[in-house]
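The values are calculated or read from the model by the stated rules, or taken from the named source; none is laboratory data. Computed from a predicted structure; not experimentally measured. Note: ideal-geometry Cβ built from the backbone for every residue, glycine included; neighbour counts use all protein chains shown. The protein model used for the area step is the full one, side chains on, heavy atoms only, and it has no ligands, DNA or RNA in it. Shrake-Rupley method; radii C 1.70, N 1.55, O 1.52, S 1.80 Å.
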Amino acid sequence: MKPPNWLGKYPVLPIINQVTPDEALLIAEALTVGGVKIMEITLRTDKAKDSLLAVRKHFPELVLGAGSVMNPEQMNWIKGEGFNFAVSPGWSDLCWQKATSLELPFFPGILTPTELMHALNSGCLNPKIFPIAPVGGVQYLKSLLAPFRKYSIKCLPTGGIGRNMVPNYLSDPHVSMVGGSWITSEDLVSKKDFAGITELAKSSLFLANNKE
C-alpha cells in the first residue's frame, strides 16, 4: 500500500480518548490553531463515532483518523465517512486485507519481531509499534528494527511516550511520527485548557529539530 503524502509531515500524532463531540471540536480547533492539522480519535467509547463525524464535518481539511480499530466492518465505516486513516492496537489479517482493498492508510499494531516479519510479508511498511514505553522504549525499538533495516519501514511508535522522549524516537530514520496523548491530555481537556493544547501543539512541531 502506498504511504499517504502527509506521512511524516507532523512529528507527533495527537491521540484523543474519551471525549464528547463538543470537546473533540474544541480540541481540533486548538490543534489547528497550533499548526497541527492531524489527529486520531480512538473508537473506545459510544461517543467516539459522533466525535469523529463532528470533527470531519467542521474541519474537512484536517487529517483525521480513527484508532482502536478491531474489525473490517469498522474499516468500511471509516472509509465511507471520509476519514483519512485507521489505527489498530494489534495485527489482524482481516483488517489489513480490508484496508488494502479500500486503499485506506492503516497503521496496525505490532510489538515483536515475529509480528513485524508477518506485517512486512503482508506488505505493511507502516506499522504501529505498541505499547512501546512499557517494553523498553527507544532501546527496544532499535533492537526490534535492527534485523529489518533494509526494508523501507516508516513506523509509528506509541504507548506511554512523554514529550521529552519524542526527539529520541524521531532520531531513528525508520520512525515517521510518534503517537502521543500528552498534547491532548485528559487533564487539559477536563480543565478546558484548550489554549494549553494549542501551545503544546506549537511546540511539538519543533521536536523533530531537537533530536539528541
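Tabulated results
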quantity: Options Phe194, Phe206, Phe148; residue that is open to solvent by less than 20 Å² (accessible area, probe 1.4 Å) and either closer than 17 Å to Gly34 by Cα or not β-branched (Val, Ile, Thr) (or both); calculated: Phe148
quantity: Residue count, region 122-134 (criterion: over 15 Å from the mean Cα position of the chain (by Cα), open to solvent by 10 Å² or more (accessible area, probe 1.4 Å) and under 28 Å from Trp77 (Cβ atoms)); calculated: 2
quantity: Residue that is surrounded by the most Cβ atoms within 10 Å (Cβ to Cβ), among those in region 166-188 that are in contact with a strand residue (DSSP E or B) (Cβ under 8 Å, 6 or more places away or on another chain) and farther than 15 Å from Lys154 by Cα; calculated: Thr184
quantity: Failed item in (1) farther than 26 Å from Pro113 by Cβ; (2) open to solvent by 70 Å² or more (accessible area, probe 1.4 Å); (3) in a loop (DSSP other than H, G, I, E, B), with Ser101 passing the rest; calculated: (3)
